[in-house]
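Below: one structure, written as structure tokens.
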Amino acid sequence: EKLIQEAKELNLWDYWLNKRLPLLKWAIKQHQRGIAQDSERQKEVLKTVWYEELKPMEDALNEALREVNYEGLETRTKTKVEKFELLNLEFDPEEEILNVNSHVHVVTLLKALGYSIIDSKEETLAALAEESIVAKTILNLRSQYSLLTSISRPPDSDGRLRTAVALHTTETTRLSSTKSHFGTGTNFQNITLKARPLFCASDWKE
């Protein structure tokens, strides 16, 4: 009742009823239905995303750091190596100077570049992205690693992947998504062109 009163005072009640509420019904319906996954293509898609999208960007960043003689920190990549072995992807830890998913690695690098930061959260990197190509690249790489993890997951028992669409979490009212309410699936907003062959139409050509 308090929220309804506040919405009416802000002249947002009609907007909620006529614009946002219908979206909620759609969000629930698409979560229930999901989208079909072509599991036979999964390994092929993983390789495409790694070798054609993620690895070239990461190699370019590490090569740029080598050119300025940045040695970074001792890389501890045992878990990463094991993960890539499970995905049947080649990863050479000797080629990696910066682990973009490591808070310590990223903060140490950006401090060496002259930025006074205390963390490597998305908000922190996004604030630096306009003036720092390094911060922007790290953000992009983290997004790609998130994608790689997402598309390596198995589908639900019905062979479908699901996403949970959030209607009220952004200041601009744009939609956002995460993995499903069941803890499976992925954020479909992260799906790049190279990863889309993982998904296929069902018999009704959705």
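Numbers for the structure displayed
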read-out	value
Members of the range 172-195 found to be part of a helix (DSSP H, G or I) and either surrounded by 12 or more Cβ atoms within 10 Å (Cβ to Cβ) or in contact with a helix residue (DSSP H, G or I) (Cβ under 7 Å, 6 or more places away or on another chain) (or both), listed by number	Phe188, Gln189, Asn190, Lys194, Ala195
Residues satisfying the stated conditions in the range 139-166, i.e. in contact with a Ser or Thr (Cβ under 6 Å, 6 or more places away or on another chain), surrounded by 18 or more Cβ atoms within 10 Å (Cβ to Cβ) and in a loop (DSSP other than H, G, I, E, B)	Arg162
Unique residue being open to solvent by less than 60 Å² (accessible area, probe 1.4 Å), more than 22 Å from Ser132 (Cβ to Cβ) and assigned to a helix (DSSP H, G or I) when the list is Phe91, Phe84	Phe84
Residue among Trp26, Trp50 that alone is open to solvent by less than 40 Å² (accessible area, probe 1.4 Å) and aromatic (Phe, Trp, Tyr)	Trp50
Condition check for Ala135: surrounded by 18 or more Cβ atoms within 10 Å (Cβ to Cβ), in contact (Cβ under 8 Å) with a residue 12 or more places away in the chain and either over 30 Å from Arg20 (Cβ atoms) or aromatic (Phe, Trp, Tyr) (or both)	yes
One residue from Ala129, Ala64 being more than 29 Å from Gln30 (Cα to Cα), touching a Lys or Arg at 6+ places or on another chain (Cβ under 6 Å), open to solvent by 20 Å² or more (accessible area, probe 1.4 Å) and of a type in the set (Gly, Ala, Ser)	Ala129
Cross-chain or 6+ apart pairs with Cβ under 7 Å, the range 58-87 first and without any contact (Cβ under 8 Å) to a residue 12 or more places away in the chain, then outside any helix (DSSP H, G or I)	Phe84/Phe91
Enumeration of residues in the range 158-206 that are among the hydrophobic types (A, V, I, L, M, F, W, C), more than 20 Å from Ile28 (Cβ to Cβ) and within 13 Å of the chain's Cα centre (by Cα)	Ile191, Ala195
Where Arg41 falls short, out of the listed (1) surrounded by 13 or more Cβ atoms within 10 Å (Cβ to Cβ); (2) of a type outside the set (A, V, I, L, M); (3) out of contact with any Pro (no Cβ under 8 Å at 6 or more places or on another chain)	(3)
Which listed residue, of Thr108, Thr124, Thr169, is in contact with a strand residue (DSSP E or B) (Cβ under 8 Å, 6 or more places away or on another chain), among the polar types (S, T, N, Q) and either over 23 Å from Glu52 (Cα atoms) or part of a loop (DSSP other than H, G, I, E, B) (or both)	Thr169
Pairs where the first residue, in the range 142-154, is within 15 Å of Glu52 (Cβ to Cβ) and the second is small (Gly, Ala, Ser), C-beta under 8 Å, 6+ apart	Leu147/Ala195; Ile151/Ala195
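The values are calculated or read from the model by the stated rules, or taken from the named source; none is laboratory data. All values derive from a computational prediction rather than experimental measurement. In this analysis, Cβ positions are derived from the backbone assuming ideal geometry, glycine residues included, and neighbour counts consider all displayed protein chains. Ligands, DNA and RNA are stripped out before the accessible areas are found, and what is left, the full protein with its side chains, is counted by its heavy atoms. Shrake-Rupley method; radii C 1.70, N 1.55, O 1.52, S 1.80 Å.
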